[in-house]
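Structure first, then comments.
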Amino acid sequence: MDDLALVCEQIASHASRLKKISLLADYLRTLADDDLALAVRFLSVGPVSEGSTNHALFELEEKPKLSIGYSVLRAALQTATGWDAQMLTVCHAEVGDTGETASLLLRGVSSEQPLTLRAANEIYQDLFRARTTAAKRDLMVAAFRTFRPIAIKYFAKVITRGLRIGLMGKMVEDAVALACGVPH
């Protein structure tokens, strides 16, 4: 997830569609098959429950979503950072993005451990299995306190399905085709 986050930052800094596709394809070429599938899934549809019967990434059928809204993310961020709800609201209003807010507020708070795609997927699966809001919040608090802020930024963006880096599903498909050397 750390490397995916860095690539997402690069993609966000470019306006060119072709440059975005090229950057993503270069990253995808470096991944083993399992990690490639996770990266593409995170970028195109978000986390998918292992119990889901539909694993086709680019179909229009709706995938089961994590039931984690802004209130759970805010409560977890409040617990992890110690900031009060009012301060979090002000920070979010200033930045306009939950992942970005988390990334900024977790600097100096998290233990800055690396987060792999597989570890991120394990946390997403734990979140799918969690049945209570408190359990989901606790899983998010643990992630916030453990992993690098840049990885958490995109970990949260994947949950909210709002990457906001100018990367559309079709561009992810194009990058996969380019990385694999096959026609679209």
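The values are calculated or read from the model by the stated rules, or taken from the named source; none is laboratory data. None of the values given here were measured: they were computed from a predicted structure. FYI the Cβ positions are ideal-geometry reconstructions off the backbone, even for glycines, and counts take in every protein chain you see. Heads up: the accessible areas ignore ligands, DNA and RNA and are worked out on the full protein's heavy atoms, side chains in. Shrake-Rupley method; radii C 1.70, N 1.55, O 1.52, S 1.80 Å.
For residue 131, which of the numbered conditions (1) free of Cβ contacts under 8 Å to residues at least 12 places away in the same chain; (2) of a type in the set (Lys, Arg); (3) within 18 Å of residue 48 (Cβ to Cβ) fails to hold?
With (1) free of Cβ contacts under 8 Å to residues at least 12 places away in the same chain; (2) of a type in the set (Lys, Arg); (3) within 18 Å of residue 48 (Cβ to Cβ) applied to residue 131, the lone miss is (3).
Given the residues 103, 111, which is the only one that is of a type outside the set (A, V, I, L, M), part of a loop (DSSP other than H, G, I, E, B) and at pLDDT 95 or above? Steps first, please.
Values: 103 fails: part of a loop (DSSP other than H, G, I, E, B).
None of the other options fit; the residue is 111.
Return the residues of the range 1-22 that are open to solvent by 20 Å² or more (accessible area, probe 1.4 Å), part of a helix (DSSP H, G or I) and free of Cβ contacts under 8 Å to residues at least 24 places away in the same chain; say none if nothing qualifies.
Of everything in the range 1-22, those that are open to solvent by 20 Å² or more (accessible area, probe 1.4 Å), part of a helix (DSSP H, G or I) and free of Cβ contacts under 8 Å to residues at least 24 places away in the same chain turn out to be 10, 18, 19.
Test each condition in (1) of a type outside the set (A, V, I, L, M, F, W, C); (2) within 24 Å of residue 146 (Cβ to Cβ); (3) at pLDDT 95 or above for residue 47 and report the one that comes out false.
Residue 47 satisfies all of (1) of a type outside the set (A, V, I, L, M, F, W, C); (2) within 24 Å of residue 146 (Cβ to Cβ); (3) at pLDDT 95 or above except (3).
Do you know which residues across the range 87-104 are among the hydrophobic types (A, V, I, L, M, F, W, C), open to solvent by 30 Å² or more (accessible area, probe 1.4 Å) and either touching a residue at least 24 places away in the same chain (Cβ under 8 Å) or in contact with a Gly (Cβ under 7 Å, 6 or more places away or on another chain) (or both)?
104, the sole residue that qualifies.
Test of understanding: among 136, 153, which residue is out of contact with any His (no Cβ under 9 Å at 6 or more places or on another chain), over 20 Å from residue 3 (Cα atoms), touching a residue at least 12 places away in the same chain (Cβ under 8 Å) and open to solvent by less than 30 Å² (accessible area, probe 1.4 Å)?
On the way: 153 fails: over 20 Å from residue 3 (Cα atoms).
Just a single option satisfies the conditions, and that option is 136.
(1) more than 18 Å from the chain's Cα centre (by Cα); (2) at pLDDT below 90; (3) open to solvent by 70 Å² or more (accessible area, probe 1.4 Å): which one isn't true of residue 26, the others all being true?
In the conditions (1) more than 18 Å from the chain's Cα centre (by Cα); (2) at pLDDT below 90; (3) open to solvent by 70 Å² or more (accessible area, probe 1.4 Å), residue 26 misses (2) alone.
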